[in-house]
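Asker: Input: one structure, supplied below.
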Amino acid sequence: MVDDPVTNEATDNYEALIEFLYRAPIGLAEITAAGGIEMLNPKGAQLLMPLARNADLGNLFAVLDTVAPQLRQIALDYNRPAGVVCESLRIDLGSVACRGDIDVLSISLLKLDDGRMMAVLADATLEAAREQQKLSRRLNDAALTDTLTQMPNRAAVREQLQRLIDQRPADGRTDSAVLFLNCDRFKQINDALGHATGDEVLGMMAERLRATLRPGDRIGKRPGLQQMAARIGSDEFVVILDGLRRLDDLLAVARRVLDVLSAPYATELHLVCCSVSIGLVMTGQGSAEADVVLQDASIAMVEAKRAGGARFMVFDAGMRERAASRSDMETELRRAIAEAELFVVYQPVVGLTGSGDIDRCAGVEALVRWQHPQRGVVPPLEFVAIAEDCGLISALGDFVLETACRDFMRWHATLGDRTPRSLAVNLSRAQLAHPGWLQRMQEILQDTGMPPRCLQLEITESLAAQDEKIQQHLHALKALGLKLALDDFGTGYSSLACLHLLPVDTVKIDRSFVCQADTSLHHKVLIDATVRVAHSLGMSTVAEGIETAEQLAVVRALGCDKGQGYLFSRPLGTDALMRWLGEDA
Ligand code: C2E
Ligand code: MG
Ligand code: MG
C-alpha cells in the first residue's frame with residue numbers, strides 16, 4: 001500500500017479538531033436524525049446528565065423530552081439538506097428537581113447532512129439572570145412606574161411587549177400574550193364612594209394581580225421576563241405573559257385573574273364589588289407592533305364589556321372591523337346630534353275596547369330616527385346602543401324627550417280632545433346612571449309645560465330588574481307624577497314572579513309573543529298569564545307589534561287593554577299623525 005502523505009495530514013488535522021472540540025468548555029454532541037447520540041463530550045455529558053432518566057444518554061431528544069418536547073419536532077420539520085436548525089434555543093430547567101446550578105440551558109442544532117446533526121449545549125443561567133437584572137433595573141425606573149400601585153406603567157408595557165415580539169422564538173413553539181383588563185363600572189365606585197376608596201380598590205387589585213402571577217406559576221418560573229402586570233390607565237391593567245405553549249394556558253390564566261379580581265374588596269370604609277372585563281390576544285397571531293397588539297387586546301376587552309362585562313374575550317380580526325365601524329358611527333353620531341340630524345316619529349297606541357272598536361286617541365310612542373346624509377334613515381337599533389356606550393345617550397335622550405313633549409303640547413293646542421291621552425318615551429338604563437338626570441327631567445317638564453300624568457317612560461325589563469339603585473330611580477320618577485311602563489316584556493331576565501317588585505303602571509308584551517299569539521298555544525298562554533298577573537297588580541297591558549287581524553282578535557280576547565303595531569299604523573311624522581288621528585276608527 002502506498003503511503004499518501006496528503007490523506008495522512010488531513011486525518012491528523014481532523015483528529016486534532018475532534019480532540020480540541022472534545023475538551024471544549026461547551027457541550028457538544030453528534031447525533032443522528034432521530035436524536036441518537038454518536039459522540040458526546042464531557043461538558044455535554046455534565047450538562048445533560050441531570051436530565052437523563054436512569055443515566056441513559058442514548059438519545060438527545062429523549063433526554064430533553066420533559067423540558068423541551070418541541071425539539072424533536074423542530075428537527076423533524078427542518079427540511080433543508082444542511083444548515084442551522086435552531087440557534088440558542090433557551091430551555092428552562094426550573095421544574096427539574098436535581099438540575100444542579102443550572103436554571104437555563106441553551107441549545108443549538110446544526111444539520112450536517114441527511115443522517116447527522118451537531119448539537120451545541122451551553123449553560124445560559126448567568127446570561128439569563130443578567131438580562132433579568134437589567135430588566136428589573138429598567139422597570140424600577142421612575143419613568144416606567146405607576147405611582148399609585150408601584151406597577152410598571154404603559155411606557156414599560158410597550159417597551160417589554162416590543163422586546164418580546166422582536167425576540168419571539170423562531171421556532172414558533174411558544175408565544176407571548178396580552179391580557180387587557182378594564183374594571184366594570186369603576187366610575188360609579190369613584191362617584192358613589194369617593195376617589196380615596198377608588199384608589200384603595202385599585203391598590204388592592206394590583207396586589208391581587210401580583211399575587212396571582214407570582215412565581216410558582218408554571219409560566220412564572222421561566223427565565224427572563226416571562227410575565228408582567230402593569231397599570232396603564234386609571235382603571236386599566238395589562239398582564240403580559242411569555243412562554244405560552246397553547247391558547248388553553250392563556251385561557252386558564254385569564255380565568256384565574258377574573259376569579260381573583262371579582263372577589264369583594266374590603267376597603268377602610270366599604271365592601272366594594274368590582275368585576276373586570278378582559279381582552280386577550282396572542283402576539284403570534286397579530287401585528288409586530290406592540291401598540292397594535294395592545295389595541296387589539298383593548299378591542300377584545302370592549303367586546304367583553306359589551307357582552308355584559310365580568311368575562312374575557314379572545315381577539316379576532318373581525319373585532320377590529322366592528323370597532324372601526326363603531327368608532328366611525330360614534331363620530332358621526334356626535335355630529336348628528338350637533339347638526340340636528342335626529343328626529344322623532346310617533347307610533348299610535350290604540351285602546352282595545354270591549355265593543356270591538358279601537359280608540360285612536362289612547363296614546364303614541366315617540367321613536368327616534370337618524371336622517372343620515374348618505375345612508376338615509378337609520379333605525380334606532382343601529383345607534384342607540386352606541387350612544388349608550390360612548391356617553392351620548394343623555395344628549396340623545398334629552399333631545400327625544402324635549403322634542404316629544406313640545407310636539408305633544410302643540411297637538412294639544414290644535415287637536416283639543418282628540419289629542420292622544422298619553423305620550424310614551426323610551427328611557428335607557430345608561431341615562432339613569434348620568435348624574436343630574438332627575439333634575440334634567442324636571443326642567444324639561446317645566447320648560448315644555450308637559451303634564452307629568454300624560455308622560456309614560458318606557459324601560460326594558462332587564463334594566464328594571466337589575467338592582468336596587470334602579471328601583472330607587474324608578475320611585476323618584478314616579479314621585480314626579482309620571483307613569484312607567486315595562487317595555488319588551490318577556491324578552492329579558494325578569495319574570496312574572498318579580499313584576500310586583502317594580503313600580504310600573506303598564507306592561508308592554510313583546511312583539512315576539514304577539515306575532516305568534518294566533519299560531520302558538522305556548523305564546524298565547526304566556527300572554528294570558530301576563531295579562532292576568534298584570535291586572536291582579538293593578539297594571540294595564542299593551543300588546544306590541546300587532547300586524548294581523550288574527551293577532552288582534554287573540555290579544556283582545558285575552559284582555560289586553562291596548563295595542564300597538566303596523567295593523568293600526570307604522571310610526572309617523574307629526575303631520576301624518578295629525579291626519580291619522582283625525583280619521584275615523
Ligand atoms: P320599542 O320601544 O319596543 O319600540 C317598538 C319598536 O317596534 C319600534 O321599532 C317600532 O317601529 C316597532 N314596531 C311597532 N309595531 C311593529 C309591528 O307591527 N311590526 C314590527 N315588525 N315592528 C313594529 P324602532 O322604532 O325601530 O325602535 C326599536 C327600539 O329602539 C325601541 O323598541 C326602543 O327600545 C329603542 N328606541 C327607539 N327610540 C328610542 C329613544 O328615543 N330612546 C331610547 N333609549 N331607545 C329608543
Ligand atoms: Mg318602547
Ligand atoms: Mg317594545
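Asker: Just checking, how many residues over segment 554-567 are closer than 19 Å to T506 by Cβ and within 15 Å of ligand 3 (Cβ to nearest atom)?
Answerer: The qualifying residues number 6.
Asker: Based on this model, can you work out whether T491 counts as at pLDDT below 95, of a type outside the set (F, W, Y), out of contact with any Lys or Arg (no Cβ under 8 Å at 6 or more places or on another chain) and within 12 Å of ligand 1 (Cβ to nearest atom)?
Answerer: Values: at pLDDT below 95: yes; of a type outside the set (F, W, Y): yes; out of contact with any Lys or Arg (no Cβ under 8 Å at 6 or more places or on another chain): yes; within 12 Å of ligand 1 (Cβ to nearest atom): yes.
Yes, satisfied.
Asker: Which residue, of A336, A304, A263, is outside the structural domain of V239 (by TED's automatic domain parsing) and either surrounded by 14 or more Cβ atoms within 10 Å (Cβ to Cβ) or closer than 22 Å to R231 by Cα (or both)?
Answerer: On inspection, the qualifying residue turns out to be A336.
Asker: Would it be correct to say that V514 is at pLDDT 95 or above, within 15 Å of L352 (Cβ to Cβ) and within 16 Å of ligand 3 (Cβ to nearest atom)?
Answerer: Yes.
Asker: Can you list residue pairs whose Cβ atoms sit under 7 Å apart, with the first residue in segment 25-42 being of a type in the set (A, V, I, L, M) and the second being assigned to a loop (DSSP other than H, G, I, E, B)? Count only pairs 6 or more apart in sequence or on different chains.
Answerer: Pairs found: L28/N41; A33/D114; A33/G115; I37/L57; I37/G58; L40/L57.
Asker: Out of the strands (runs of 3 or more DSSP E) lying entirely within segment 341-390, which hold 1 or more residues that are touching a residue at least 24 places away in the same chain (Cβ under 8 Å) and within 8 Å of ligand 1 (Cβ to nearest atom)?
Answerer: The qualifying strands (runs of 3 or more DSSP E) are 342-352, 358-372.
Asker: Moving to a separate point now. Mind checking which residues of segment 416-434 are more than 16 Å from ligand 3 (Cβ to nearest atom) and either at pLDDT 90 or above or not in a loop (DSSP other than H, G, I, E, B) (or both)?
Answerer: Within segment 416-434, the first condition is being more than 16 Å from ligand 3 (Cβ to nearest atom), and the residues that meet it are 416-421, 430-434.
Selection gives G416, D417, R418, T419, P420, R421, A430, Q431, L432, A433.
Asker: Moving on. If we keep just the residues of segment 111-141 that are outside any loop (DSSP other than H, G, I, E, B) and of a type in the set (G, A, S), which is farthest from F61 (Cα to Cα)?
Answerer: S136
Asker: While we're here: Give the residue, chosen from A385, A366, that is closer than 30 Å to G559 by Cβ, among the hydrophobic types (A, V, I, L, M, F, W, C), within 16 Å of ligand 2 (Cβ to nearest atom) and not assigned by TED's automatic domain parsing to the domain that holds A177.
Answerer: So the residue among A385, A366 that is closer than 30 Å to G559 by Cβ, among the hydrophobic types (A, V, I, L, M, F, W, C), within 16 Å of ligand 2 (Cβ to nearest atom) and not assigned by TED's automatic domain parsing to the domain that holds A177 is A366.
Asker: Something else: Among A404, A424, A433, which is under 26 Å from the mean Cα position of the chain (by Cα), among the small types (G, A, S) and under 28 Å from C390 (Cα atoms)? Working first, answer last.
Answerer: Numbers: A404 fails: under 26 Å from the mean Cα position of the chain (by Cα); A424 fails: under 26 Å from the mean Cα position of the chain (by Cα).
Exactly one of A404, A424, A433 is under 26 Å from the mean Cα position of the chain (by Cα), among the small types (G, A, S) and under 28 Å from C390 (Cα atoms), namely A433.
Asker: Being farther than 23 Å from A430 by Cβ and modelled with pLDDT of 90 or more is the filter here; which residues of segment 348-370 pass it? Reasoning before the result, please.
Answerer: So the first thing to find is which residues in segment 348-370 are farther than 23 Å from A430 by Cβ, and the list is 348-364.
Within segment 348-370, P348, V349, V350, G351, L352, I358, D359, R360, C361, A362, G363, V364 qualify.
Asker: Can you spot a residue in segment 437-456 that is crowded, with 20+ Cβ neighbours inside 10 Å and over 19 Å from V344 (Cα atoms)?
Answerer: no
The values are calculated or read from the model by the stated rules, or taken from the named source; none is laboratory data. From a predicted model like this one, the values you see are computed outputs, not experimental measurements. Reconstructed Cβ throughout: ideal geometry from the backbone, glycine too, with neighbour counts over all protein chains shown.
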